[in-house]
1. Please count how many residues of the range A:108-145 are touching a helix residue (DSSP H, G or I) at 6+ places or on another chain (Cβ under 7 Å), within 11 Å of chain B (Cβ to nearest Cβ) and either free of Cβ contacts under 8 Å to residues at least 24 places away in the same chain or surrounded by fewer than 24 Cβ atoms within 10 Å (Cβ to Cβ) (or both).
2. Name the residues in the range B:101-149 that are more than 10 Å from chain A (Cβ to nearest Cβ) and aromatic (Phe, Trp, Tyr), would you?
3. Within the range A:272-283, take every residue that is more than 17 Å from residue A:320 (Cα to Cα), of a type outside the set (A, V, I, L, M, F, W, C) and crowded, with 23+ Cβ neighbours inside 10 Å and give me the one that is farthest from the other protein chains (Cβ to nearest Cβ).
4. Looking at (1) free of Cβ contacts under 8 Å to residues at least 60 places away in the same chain; (2) more than 30 Å from residue A:252 (Cβ to Cβ); (3) not aliphatic (A, V, I, L, M), find the lone condition where residue A:158 falls short.
5. Can you tell which of A:73, A:157, A:105 is away from chain B (no Cβ under 12 Å), open to solvent by 10 Å² or more (accessible area, probe 1.4 Å) and closer than 29 Å to residue A:331 by Cα?
6. In the range A:189-210, what residues are open to solvent by 20 Å² or more (accessible area, probe 1.4 Å) and more than 23 Å from residue A:104 (Cβ to Cβ)?
7. What single numbered condition from (1) closer than 21 Å to residue A:223 by Cα; (2) under 19 Å from the mean Cα position of the chain (by Cα); (3) not charged (D, E, K, R) fails to hold for residue A:163?
8. Of everything in the range B:26-36, what is in a loop (DSSP other than H, G, I, E, B) and either surrounded by fewer than 16 Cβ atoms within 10 Å (Cβ to Cβ) or modelled with pLDDT of 90 or more (or both)? Give them in sequence order.
Amino acid sequence: MTATIRDEGAQEMRGRSELTARELMREVGSVLRMSEAEVAKLGDMPDDPDEDQTMILNMGPQHPSTHGVLRLMLELKGETVLRCKPIIGYLHTGMEKTGEQLTFMQGGTNVTRMDYLSPFNNELVFSMATEQLLGIDGEIPERAVWMRMLLSELNRMSSHLLFMASNGMDLGAVSMMIYGWREREEVLRFFQKVTGLRMNHNFIRPGGVAADLPAGWRDDVLRLLDLIPERLDEYDILMTGQPIWRERLQGVGVITPDEALALGATGPILRSTGVAWDLRRDMPYLHYDQVEFDVIVGSYGDAFDRYAIRLNEIRESMKIVRQILDMMPIGDYRIQNKKVTPPPRARIDESMEALIHHFKIFTEGFKVPEGEVYVGIESPRGEVGCYIASDGSPTPYRMHVRAPSFVNVQCLPHMMRGGLVADAVAVISSVDPVLGEVDR
Amino acid sequence: MSDTADPTTDAAGDMVAAAAEMHGCPVSDSRGQVVIHPTRQQYVGVVKALADEGYAMCADLTAVDYLDYMRRPLPAGVTPERFEVVVNLLDITNRRRIRLRLQVPADDAVIATLFDVHPGSEAMEREVYDMFGIEFTDHPDPSRILMPEDWIGHPLRKDYEIGKIPVQFKGANS
């Protein structure tokens, strides 16, 4: 038993002649929840083609439509994709190992670089896990909670806007690339004003957020909310209603609810199959239970549904942002708990204790009680989770991030099976993987 | 972040109060989250039984190397081992989560795969194998996933030294 397993084997896709029938059938059948006999009867694929009629084509990791360094090996018969295997790891930088070296105070700088298109969501899940371990998750000031919601919803918009851009680009609507980036840039400009950075903010920290909102933030958000709806209507004209766009996406990369659940897919992929699962509504965190919004679901589970869901999620996010503007209270933006919050700058000049406290918290960090906790929230790509095990020291004993893209990439073989190689690009794009998060 | 932030908290409290055992496994409560501790023999059976109860999605599968922290708190009847495989299951019908913590000894780091119950655990099990060297019997693709396929060692183990091992690149002149 172990003899076969110890052989680490090649990561590449193996040819049919090297595989047993059981291995081939398990690839499909286990996800469809079928026995091997049932799979054999399926007969929707050219069964058992001769190996000299098929070709294994390597796509990526340097392919422009693979969103970074995703590598796919496709087994083709003519133009039909028979099998597909994603090969990842080209961007692996050991961020979970790094997370064990950084204190809870510094951890945000690490996790924010995982899903670099939705940094606030990563910071948020890390902070929430840390706060649960500290037992201060109920004491976060209201303003901080609403600020976190504001930022994560704006982040959802910027992430989906980038999806619009890259999806358009991948399918040949090249001008869409520029439009999507243009709108995203408007959102990033707001982030820069609030946090000082366009990406990788390290702004949401255990205990609250790093700083208060700058003067004039409300006008900036209102300007965004006025600007973007018109642009989304332009996208509708440019893409949604266009016959060419629909032809390219409808019926491409279909996945059923059972398959999506079996594969652990979350986010727009799961919702495109008609399963209304959104952690913001179903397991509310922050104050998502106090705002009104709709969970957008599809019905066919195809690439068009995933496109339409993301487009409409931008609209829903704007609806939430409007409510946040009305609800935003005045008050502290971080918890007044000396354990996790450094003293204000002015205090350091007049108090030796404050200076020592400031020095200790930034050099040693704060100690987090023993325990382990898993927190999951809804990022633009699905459930991003953070599992932290603490041994009572200022650094996490183990910090694991459940990356939605890492799990969602597993859907690719099932979405591509039986499709055309030209649609492979549409399928990758519709999954919207972020390779920084896949490889961590 | 408020008290209502985590709706599973109350449910978890009830469940723990109702049964200190679930499917014959000790149950503990970690910051309001339900954790059960199956043995390696019970593992797949428990996951199957939980899947029938509605925990239809394997949200996350990871591992922890407790080499430097063997004194961690565990419920009575669970012997701490070096490795722990942590499985987070999600029930989308009843909106609840459950976590399995499975003790895996270092000298026999082999457990059964969940692939036949939750095919979505395939990549996560490969990652655990790659990072910790825990093997999954009958896994369809027992190769490394993140590290190069000819890499030696398992980076997330606590005795894997940081920054002291020259980076290996296949076929590169160093």
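1. 2
2. Once the filter is applied, which keeps residues that are more than 10 Å from chain A (Cβ to nearest Cβ) and aromatic (Phe, Trp, Tyr), the range B:101-149 yields only B:132.
3. Ranking the candidates gives A:272 first.
4. Residue A:158 satisfies every listed condition except (2).
5. Numbers: A:73 fails: closer than 29 Å to residue A:331 by Cα; A:157 fails: open to solvent by 10 Å² or more (accessible area, probe 1.4 Å).
Result: A:105 is the single residue among A:73, A:157, A:105 that is away from chain B (no Cβ under 12 Å), open to solvent by 10 Å² or more (accessible area, probe 1.4 Å) and closer than 29 Å to residue A:331 by Cα.
6. A:189, A:192, A:193, A:198
7. The number of the failed condition is (1).
8. Of the residues in the range B:26-36, the ones in a loop (DSSP other than H, G, I, E, B) are B:31-32.
If the condition is that a residue be in a loop (DSSP other than H, G, I, E, B) and either surrounded by fewer than 16 Cβ atoms within 10 Å (Cβ to Cβ) or modelled with pLDDT of 90 or more (or both), then no residue fits.
The values are calculated or read from the model by the stated rules, or taken from the named source; none is laboratory data. As the structure is a prediction and not an experimental result, all values here were calculated from the model. As a convention, Cβ positions derive from the backbone with ideal geometry for all residues, glycine included, and neighbour counts pool all protein chains shown. What goes into the accessible areas is simple: the full protein's heavy atoms, side chains included, and nothing from ligands, DNA or RNA. Shrake-Rupley method; radii C 1.70, N 1.55, O 1.52, S 1.80 Å.
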